[in-house]
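Please treat every number below as a calculation from the coordinates, not as lab data. Values in this document were obtained by computation on a predicted structure and should not be read as measured data. Ideal geometry is used to build each Cβ from the backbone, glycine not excepted, and the neighbour counts take in all protein chains shown.
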Amino acid sequence: MKVRNETAPPLLSARLAYTILESAELAAVSASTIRRAIESNELKAARLGSASSAIRIRAVDLDRWLMQRAGSSEPAVVPAQLDVTGGGQNDAR
């Protein structure tokens, strides 16, 4: 099995865009918070049709919004580090 070392921003490595509900879950906020951020132009979103479920938020825009809310220039979601070497823990019992 080949393991890749992801260097892309964390959200971009998963998907390019999310619905309002998916964005809220990723950001650990309510869907209403996401909607308010879109309405106030704090968070960029695109409408893909006339239905409210047709709104998509790019992963990069969601991450940028989260960084602004946190007052940080670092990515809001930090990818987990995967130890593929098997080192780091002693299995001796």
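Packing here is the average count of other Cβ atoms within 10 Å per residue, and on that basis the peptides 56-62, 38-44, highest first, run 56-62, 38-44.
Using 0.36 nm per residue and subtracting the Cα-Cα separation, the extra length available between Ala51 and Glu25 on full extension is 7.3 nm.
Starting from the Cα of Val60, move 7 Å in the Cα-to-Cβ direction to define the label point; list residues of segment 17-48 whose amide nitrogen is under 18 Å from there. Zone members listed by number: 17-19, 42-47. Convex hull of alpha carbon positions in segment 17-70: directionally averaged projected area 3.2 nm². Taking Cα centre as origin and charging only the Cβ of basic (Lys, Arg, +1) and acidic (Asp, Glu, -1) residues, the dipole magnitude of segment 17-70 rounds to 140 debye.
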